[in-house]
Amino acid sequence: MHHVFETLTPDLVLDALESVGLRGDGRLTALSSYENRVYQVQLEDGSAVVAKFYRPERWSEAQILEEHAFAEELMEAEIPAIGPLRLAGATLHHFGGFGFSVSPRRGGRPPELDDEEVLEWVGRFLARIHTVGARKPFVSRPPLDLQSFGQDSRDWLLGQDMIPLDVQSAWARHCDEALAMVAAHPALCGKKAASGEAHIRLLRLHGDCHPGNILWTPTDAAASAGPGPHFVDLDDARTGPAVQDLWMLSSGDRRQRSRQLGFLVDGYEQFREFDRDELTLIEPLRTLRLIHYSAWLARRWSDPTFPQNFPWFGSSDYWHGQVLMLQEQCEAMQEAPLVV
């Protein structure tokens, strides 16, 4: 069985770029990306760009264009987000059956998230991203919520018999328990808070703000983009609570995570107030990501790059591990939220 990306040859990549007026010199490097296909391409004039070819049928054209428009808003606000170039008046182009965009190349390394100055710096820019994100809603892109990340993922995995029979009932039971706990949070269910409950504002987010999606340029480096953080890959931009863009930047035990989030919030609040009621959403959001991640891997298994890079996925051992993680998440969701 052929996969759609098998037709995306180096020649097609170069021809696609030439169709928008960019002539490659024949050198291209595949960059790390599982959902889409991304290449660094050297051009004949000596410069380089990054070409991103979208996975067909994942997002609609309207949803991709909303991502691009959001990136343009951020760049216009002088926020270091790396968005697509506008070529011949457009950011989304089509060639050989693929939609693609072209962005400037930016270098950098993962941020040192044990450094309080780095955390505050990232926090300041996240606040500025959210200030732009709060100006208006997404129209086409979906929210990050219980239904799309949790319930739909659960139903698909069970409906497609993706979970081995020896662990299926245990996984379904603990998944249902975890989702019931997530459902106690109106902000993640598309519901208004009841009287006396905290009302959490939803806004446009980066959506997948883990350390790998932040390029850090040291202050002593010579770089055209300037020092500090540069936010890349808005492919998962959605509507959700602000804390979604903060919690994945913390790790370690409870004390370490509280410390890291504290510095992020210190930087954040130099530009925008952070609602501490959102700290109660961290473990529910982590739970939704856990379930959604398993469904994402399973849905993409026909793409040859997934079995190659995730050979451990789908075994009974994997799913037994997921049961344990769901149990841990149920316990975590009953604990008091972090304090920052």
| field | Criterion (of a type in the set (S, T, N, Q) and in contact (Cβ under 8 Å) with a residue 40 or more places away in the chain) met by exactly one of Gln270, Gln256 | value | Gln270
| note | Counting only residues that are more than 14 Å from Ala51 (Cα to Cα) and surrounded by 13 or more Cβ atoms within 10 Å (Cβ to Cβ), region 4-24 contains a total of 2
| Can you spot a residue in region 128-142 that is surrounded by fewer than 20 Cβ atoms within 10 Å (Cβ to Cβ), outside any helix (DSSP H, G or I) and touching a Leu at 6+ places or on another chain (Cβ under 7 Å)? | yes
| message | With surrounded by 15 or more Cβ atoms within 10 Å (Cβ to Cβ) and either within 26 Å of Arg257 (Cα to Cα) or not hydrophobic (A, V, I, L, M, F, W, C) (or both) as the only criterion, which of Asp161, Asp155, Asp145 stands out? | response | Asp145
| request: Would you check which residues across region 108-119 are buried (at least 19 other Cβ atoms within 10 Å of the Cβ) and over 19 Å from the mean Cα position of the chain (by Cα) and list them? | output: Val118
| Listing of strands (runs of 3 or more DSSP E) fully contained in region 7-72 that carry 3 or more residues being outside the structural domain of Tyr293 (by TED's automatic domain parsing) and small (Gly, Ala, Ser) | 24-31
| field | All positions within region 87-100 that are assigned to a loop (DSSP other than H, G, I, E, B) and within 26 Å of Val4 (Cα to Cα) | value | Thr91, Leu92, Gly96, Gly97
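Does Leu144 count as out of contact with any His (no Cβ under 6 Å at 6 or more places or on another chain) and farther than 29 Å from Ser250 by Cα? Can you show your working first?
Numbers: out of contact with any His (no Cβ under 6 Å at 6 or more places or on another chain): yes; farther than 29 Å from Ser250 by Cα: no.
Answer is no for this residue.
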| Can you name every residue in region 95-147 that is among the polar types (S, T, N, Q) and touching a helix residue (DSSP H, G or I) at 6+ places or on another chain (Cβ under 6 Å)? | Ser140
| note | In region 302-332, anything more than 21 Å from the chain's Cα centre (by Cα), crowded, with 16+ Cβ neighbours inside 10 Å and not in a helix (DSSP H, G or I) is listed as Gly314
| message | I need the full set of residues from region 93-116 which are in contact with a strand residue (DSSP E or B) (Cβ under 6 Å, 6 or more places away or on another chain) and not polar (S, T, N, Q), in order please. | response | His93, Phe98, Phe100, Val102, Arg105, Arg106, Gly108, Arg109, Pro111
| query | Quick one: how many residues across region 84-103 are within 30 Å of Gln270 (Cα to Cα) and at pLDDT below 95? | reply | 0
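The values are calculated or read from the model by the stated rules, or taken from the named source; none is laboratory data. Since the model is a prediction, treat every value here as computed from it, not as a measurement. Note that we place each Cβ from the backbone using ideal geometry, even for glycine, and neighbour counts take in every protein chain shown.
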